[in-house]
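The values are calculated or read from the model by the stated rules, or taken from the named source; none is laboratory data. Not measured: the values here are computed from a predicted model. All Cβ positions, glycine included, derive from the backbone under ideal geometry; neighbour counts span all protein chains shown.
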Amino acid sequence: MNIHAAADIPTSPADYSAIAPELAMLGTGLVLLLMIALKRFKNDSWYAAIAAFGTLFSAGWAIALWNAVESGEVGDDHVRFAFSGMVVADGFGAFLSVLICLAVLLGILLSDVYLRHENAGKAEYYILLLFSAAGMQFMVISNNLVMMFISLELLSVCLYILSAWHRDRSDSQEAGLKYLLLGAFSSAFLLYGIAFLYGATGTTNLVGFEQYFAENVLFSSGMVLLGMVLVVVGLCFKVAAVPFHMWAPDVYQGAPMPVVAFMAAGAKVAGFAGLWRVLEVGLSAYELDWQPLLWAIAAITMLVGSVLAIVQTDVKRMMAYSSIAHAGFILTGLVAANEEGVRGALFYLVAYTIMVMGAFAVISLVARRGEQDTSLEDYRGLSRREPLLAGILAFLLFAMAGIPGTSGFVAKFAVFGGLAGAERWVLIVVGTLASVLSAFFYLRLVVYMFMEGLPLEAKTPTLSRLPVPGVSAVVLAVTVFFTLQLGVLPEGLLDIAGRATLFAG
Amino acid sequence: MGDYLGIVVMAVLALSFVGVSLGVSALLAPKRPTPEKLDAYECGIVSDQESVERFPVQFYLVAMIFIAFDVEIIFLYPWAVRMRALELFGFFEMALFVVVLLIAYAYILREGVLDWAPKRTLDRETLMQGFRVEADRAKAALSEQDRGRKSEAA
C-alpha cells in the first residue's frame, strides 16, 4: 500500500458559494461564541445586534445566490449541485433561505425585548438561534437524505434547548423535555425510513433516487413504500401535522414566546422543504402512492387543528392549534404536486411567517412579565385599554383566518388554485370548511377584545397601560405592513415564488 | 388501492384481537383485588431508597467535552494517515474543523467548565470585612489582656 500516492482520493471541488448563506449564519454564531469567551459586553443587546447583522449578511448571500441561479450563470437549468451532490443551489432553496433569514431577524428583535423583560438574557440564546437557523437553511438546500438528517438534528437540538430557555418557568422546562423526547422519537422514524430507502435504491442522494427509478423497474416496491412512509412521518412531526402534532400544544404553551414564533415559522419552512425535496424530487416515481397519503394528512391536519383550537382557553395553546391547521393548508400545496400548488405553499410560508411573528409580538406584550396573562379572559376589553395593540392583533387574526385584503386570503387562494389545477375538489371543500371553522376562534378572540367590557374583578386596578418597546413597535409595523401589502398587491411575491419552483431535478 | 387491502385486513384483525381479549377478560375474569395486585408491577426487590441519585452536573459537561474531542480524533486520525494524498485542500478543511473546535474550547474554558474547585474570590468588600473582624478580635484580646493585668495588679 502506498500511503504517499498522489491525489488518488477524489475530493470534490469545494463550492463554498453554494452554502454561503449557511456559512454566514454559522460564522456569526462562532463569532458570538468567541466574543463571549474573550470579552463580555455588559449589555446583551450588543449580541442581538451582531446576530441580526450576521443574519442580514446571510440573507444578502442568499439573495446573491438567487440572482446567480436566476440568471443561469451557474449550472444547467438553474440548478447546481455542490459537495458531491450533498447540497443543491437552486431557486427553491435560495427563496426559503431568505425567508428563514426574515424569521430569524424578526425572532431576534422579539427575543431582545423578551429576554430583557424576563431577565432571562444570555448571549448564548442568540448563538442557538443562529445555529438553528443554519440547520434550517441547510435543510432547504439538502439534496441528500444524510445531509437532511444532520441539518434536521442541528435545527432540532438548538430548538430543544431554546424551548427550555426560561429557567424560572417550569412550563418551559416541561416544554423542552417533551420536545426533546418526542423529537428524538421522530428522528428515529426518519432515520429508519432513510435506511429502508437506501436499502431499496443503494443511494441516499435524492436525484440519485430519481435516476434509479427511471432506470430500474422494481418487482416489489414494499421497501421503498415503507421507507417513504417512515420519512414522511419523521418530517410531518417537524411541521406538526396531525397525527404527529401531539407535542405542539404543550411545547408552544411552555416555550418562551419568541422561540415559539421562530419555531412555528422556521421549523415549518424546513419541514416543508424536506417533504418537497424527498417526495417531489426523490420519489416522484411514486407520486400515485404518496399523494393519497399526503392528501389524508393534509385533510385531517386542517380539520383537527381548526376544531381543537375552538375549545382552547389559552391564547398560546390556541395559536399552537392554529399553527397545526396552517401546516395542513401548506401541505395541500404538496398534494397538488403542480407548479401553482408549490408556488402557493411558498407564498403561504412567507405570509404565515410574517403573521405569526406579529401575532406573537402582541401576545408577548399582553402577557406581561412571566407570561402570566395568556388566557382568553385577559383579552377581555383589550380594545378599551390598548386600542392600537388590539387593532393590530385583530388585523393579524383576520389575516390568519383568511379574510380578503390580507396576505392570508391570497395564500389560501393560491394553494387552493393549485388544488383546482390538480382537480382535487374534495380537498378544496375540506380546506374551505376548515378555514370557516378556524375563522370562528380567531373572531372569538376579536370579540373578546372589542365587544366585551373590562373585567369587573379586583384585577382592574393592576392593569396599567402596556409599555411597548421601540423594537416591538418595529416588528409590529413591519408585519402589519407586509400582511397588508401581500394581501393587496401579491403579484410580486407570487411571481418570485413561481420562479422558485422551477427545478429541473 | 387493492394493494393495501392486506394492511386494512391486518389492522382490523389486530384491533378486533385487542377488543376481544380485553372484553373477554373483563367479562369472565373473577375480580378479587388486593393492594398487592393493584400495585404497579415491578421486577425484583422493593427498593428502599430513591433510585435516582443527584450528582454534580459537571460530570455531564466533562462527558460532553470528551465526546467532542473524541470525535475530533476520529476525524483527525484517517486524515493524518492520508494527509499527503488529500493535499492542501484536506489540510485546510481539517484546519477549519480544528479552529471551530478551538473556539468552542475557548468558550467552555471561559465558562469555567473545567474549574472543579468551588470559586474563591476575594473582592474588596469581603477583604475589608475580614480585616474588621480580625481587628475587632485583636482589640478584644488586648482588652482581655488589659483586664487580666489589672486584676493581677489588684
Open item on the list: Tell me yes or no: at least one residue of region A:188-199 is within 20 Å of the chain's Cα centre (by Cα) and assigned to a helix (DSSP H, G or I).
Closed with: yes
Task: Among the residues listed as B:Asp146, B:Asp115, the single one being more than 14 Å from chain A (Cβ to nearest Cβ) and not in a helix (DSSP H, G or I) - done: B:Asp115
Open item on the list: For the structure I just gave you, tell me whether A:Leu56 is more than 20 Å from the chain's Cα centre (by Cα) and not hydroxyl-bearing (Ser, Thr, Tyr).
Closed with: no
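Could you please let me know if B:Val52 is closer than 30 Å to B:Leu109 by Cα and either among the hydroxyl-bearing types (Ser, Thr, Tyr) or outside any loop (DSSP other than H, G, I, E, B) (or both)?
On the way: closer than 30 Å to B:Leu109 by Cα: yes; either among the hydroxyl-bearing types (Ser, Thr, Tyr) or outside any loop (DSSP other than H, G, I, E, B) (or both): no.
Against the criterion (closer than 30 Å to B:Leu109 by Cα and either among the hydroxyl-bearing types (Ser, Thr, Tyr) or outside any loop (DSSP other than H, G, I, E, B) (or both)), B:Val52 does not qualify.
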Task: Where a residue in region A:489-505 is over 13 Å from A:Leu349 (Cα atoms) and at pLDDT 90 or above and its partner, wherever it lies, is outside any loop (DSSP other than H, G, I, E, B) and not basic (Lys, Arg), with Cβ under 6 Å and at least six apart - done: A:Pro490/A:Val410
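May I ask you to list the residues in region B:1-48 that are among the charged types (D, E, K, R) and either in contact with a Ser or Thr (Cβ under 6 Å, 6 or more places away or on another chain) or over 29 Å from A:Val229 (Cα atoms) (or both)? Spell out how you get there, then give the answer.
Going through region B:1-48, the residues among the charged types (D, E, K, R) turn out to be B:3, B:31-32, B:36-37, B:39, B:42, B:48.
Within region B:1-48, B:Lys31, B:Arg32, B:Glu36, B:Lys37, B:Asp39, B:Glu42, B:Asp48 meet the criteria.
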- [ ] Starting from region A:187-214, keep only residues that are farther than 18 Å from A:Phe81 by Cβ, then list their pairs with residues that are outside any helix (DSSP H, G or I) and among the β-branched types (Val, Ile, Thr) whose Cβ atoms are within a distance under 7 Å, requiring at least 6 positions of separation or different chains.
- [x] A:Ile194/A:Thr204; A:Tyr198/A:Thr204
Open item on the list: When you scan region A:81-100, do you find a residue that is at pLDDT 95 or above and either over 23 Å from A:Tyr352 (Cα atoms) or hydroxyl-bearing (Ser, Thr, Tyr) (or both), even just one?
Closed with: yes
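Which one of A:Val224, A:Val231, A:Val260, A:Val251 is buried (at least 24 other Cβ atoms within 10 Å of the Cβ) and more than 25 Å from A:Tyr126 (Cβ to Cβ)? Spell out how you get there, then give the answer.
Working: A:Val224 fails: buried (at least 24 other Cβ atoms within 10 Å of the Cβ); A:Val260 fails: more than 25 Å from A:Tyr126 (Cβ to Cβ); A:Val251 fails: more than 25 Å from A:Tyr126 (Cβ to Cβ).
The conditions single out A:Val231.
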- [ ] Of the numbered conditions (1) assigned to a helix (DSSP H, G or I); (2) away from chain A (no Cβ under 14 Å); (3) not small (Gly, Ala, Ser), B:Leu96 fails exactly one; give the number of that condition.
- [x] (2)
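Given the structure, is A:Gly176 surrounded by fewer than 24 Cβ atoms within 10 Å (Cβ to Cβ) and farther than 30 Å from A:Phe347 by Cβ? So that I can check it myself, show each step before the final result.
Numbers: surrounded by fewer than 24 Cβ atoms within 10 Å (Cβ to Cβ): yes; farther than 30 Å from A:Phe347 by Cβ: yes.
Here the answer is yes, as A:Gly176 does meet what is asked.
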TODO: Could you please find all residues in region A:339-397 being without any contact (Cβ under 8 Å) to a residue 12 or more places away in the chain and either buried (at least 24 other Cβ atoms within 10 Å of the Cβ) or part of a helix (DSSP H, G or I) (or both)?
DONE: A:Pro387, A:Leu388, A:Gly391
Task: Identity of the residue in region A:37-47, closer than 24 Å to B:Leu96 by Cα and crowded, with 17+ Cβ neighbours inside 10 Å, that ends up nearest to the other protein chains (Cβ to nearest Cβ) - done: A:Ala37
Task: Breaking point among (1) over 30 Å from B:Tyr4 (Cα atoms); (2) among the small types (Gly, Ala, Ser); (3) surrounded by fewer than 24 Cβ atoms within 10 Å (Cβ to Cβ), for A:Ala285 - done: (1)
TODO: Please work out which residue is modelled with the highest pLDDT, limiting yourself to region A:8-36 and to residues that are over 31 Å from the mean Cα position of the chain (by Cα) and within 10 Å of chain B (Cβ to nearest Cβ).
DONE: A:Pro13
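Is there a residue in region A:401-421 that is outside any helix (DSSP H, G or I) and more than 30 Å from A:Trp295 (Cα to Cα)? Explain how you work it out, then say what you get.
Of the residues in region A:401-421, the ones outside any helix (DSSP H, G or I) are A:402-406.
In the following step, the residues that additionally are more than 30 Å from A:Trp295 (Cα to Cα) were identified as none.
No: zero hits.
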Open item on the list: Testing B:Leu86 on (1) loosely packed, with under 10 Cβ neighbours inside 10 Å; (2) over 26 Å from A:Glu124 (Cβ atoms); (3) of a type in the set (A, V, I, L, M, F, W, C), one condition comes back false. Which one is that?
Closed with: (1)
Task: Residue identified as under 30 Å from A:Ser375 (Cβ atoms), free of Cβ contacts under 8 Å to residues at least 40 places away in the same chain and over 20 Å from the mean Cα position of the chain (by Cα) among A:Val311, A:Val307 - done: A:Val311
Open item on the list: Within region A:202-210, does at least one residue satisfy the condition of being modelled with pLDDT of 90 or more, hydroxyl-bearing (Ser, Thr, Tyr) and in a helix (DSSP H, G or I)?
Closed with: no
Open item on the list: Go through (1) within 13 Å of chain A (Cβ to nearest Cβ); (2) small (Gly, Ala, Ser); (3) closer than 30 Å to A:Glu287 by Cβ for B:Ala14 and report which single condition fails.
Closed with: (1)
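Looking at A:Phe83, A:Phe92, A:Phe57, which is the one that is among the hydrophobic types (A, V, I, L, M, F, W, C), surrounded by fewer than 24 Cβ atoms within 10 Å (Cβ to Cβ) and at negative phi?
Details: A:Phe83 fails: at negative phi; A:Phe92 fails: surrounded by fewer than 24 Cβ atoms within 10 Å (Cβ to Cβ).
On inspection, the qualifying residue turns out to be A:Phe57.
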Task: Checklist (1) among the small types (Gly, Ala, Ser); (2) within 14 Å of another protein chain (Cβ to nearest Cβ); (3) in a helix (DSSP H, G or I); (4) surrounded by fewer than 16 Cβ atoms within 10 Å (Cβ to Cβ) applied to A:Ala64, failing item - done: (2)
TODO: Would you check if A:Ser163 is more than 21 Å from A:Leu106 (Cβ to Cβ) and of a type in the set (Ser, Thr, Tyr)?
DONE: no
Task: Test for A:Val231: is it assigned to a helix (DSSP H, G or I) and either within 25 Å of A:Thr374 (Cα to Cα) or out of contact with any strand residue (DSSP E or B) (no Cβ under 8 Å at 6 or more places or on another chain) (or both) - done: yes
